[in-house]
Amino acid sequence: GEVELTLTLDNYADRAGSMLAQLKLSYDAALRARGVYRAVASPGAPVVGPCGAALSNQSAGAVVKIAVSFPQQLARAPTAISLAATSSSNVSGSASATALTQMGFVLQWTVAANGASTWLGSYQTVGN
């Protein structure tokens, strides 16, 4: 028999890629609740927020660890967290930020003496 080649051409450079992008956007929109928008974090823009805790009945020398979540997932994990204390009591040294991820970090400090321990302040991401 005869061999026939049929070509269907359109004026788009990548119509399949365009259709796939539209389907992904539709799927993402369908997963969200109506009226809820996903927060966007620009790469490199610092994120600032409150952090801290006030805890009772702590033992001297205990290491307090508090999980702190960012308001939205960052493009990449920060290289550091800058902490600024507004109030602290019964804290040995200063608080530190550990376990940095795109979702948040762990705020920790050492309790100086038996009793209540408080560290309240704010954070700012660096290098995200």
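Looking at this structure, is ALA62 modelled with pLDDT of 75 or more, out of contact with any Cys (no Cβ under 7 Å at 6 or more places or on another chain), more than 30 Å from LEU83 (Cα to Cα) and surrounded by 10 or more Cβ atoms within 10 Å (Cβ to Cβ)?
Against the criterion (modelled with pLDDT of 75 or more, out of contact with any Cys (no Cβ under 7 Å at 6 or more places or on another chain), more than 30 Å from LEU83 (Cα to Cα) and surrounded by 10 or more Cβ atoms within 10 Å (Cβ to Cβ)), ALA62 does not qualify.
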Report task. Output the number of residues of region 45-59 satisfying the condition of being open to solvent by 50 Å² or more (accessible area, probe 1.4 Å) and farther than 16 Å from GLN108 by Cβ. Result -> 5
Requested in this report: Taking only region 95-117 into account, find how many residues are touching a Ser or Thr at 6+ places or on another chain (Cβ under 9 Å), more than 15 Å from ALA54 (Cα to Cα) and loosely packed, with under 14 Cβ neighbours inside 10 Å.
Outcome: 1
**Report entry** Selected residue (only one of ALA13, ALA29 is open to solvent by 70 Å² or more (accessible area, probe 1.4 Å), hydrophobic (A, V, I, L, M, F, W, C) and modelled with pLDDT under 85)
**Finding:** ALA13
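The values are calculated or read from the model by the stated rules, or taken from the named source; none is laboratory data. Since this is a predicted model, take the numbers as computed values, not measurements. Reconstructed Cβ throughout: ideal geometry from the backbone, glycine too, with neighbour counts over all protein chains shown. Surface accessibility is based on the protein's heavy atoms, side chains included, excluding ligands, DNA and RNA. Shrake-Rupley method; radii C 1.70, N 1.55, O 1.52, S 1.80 Å.
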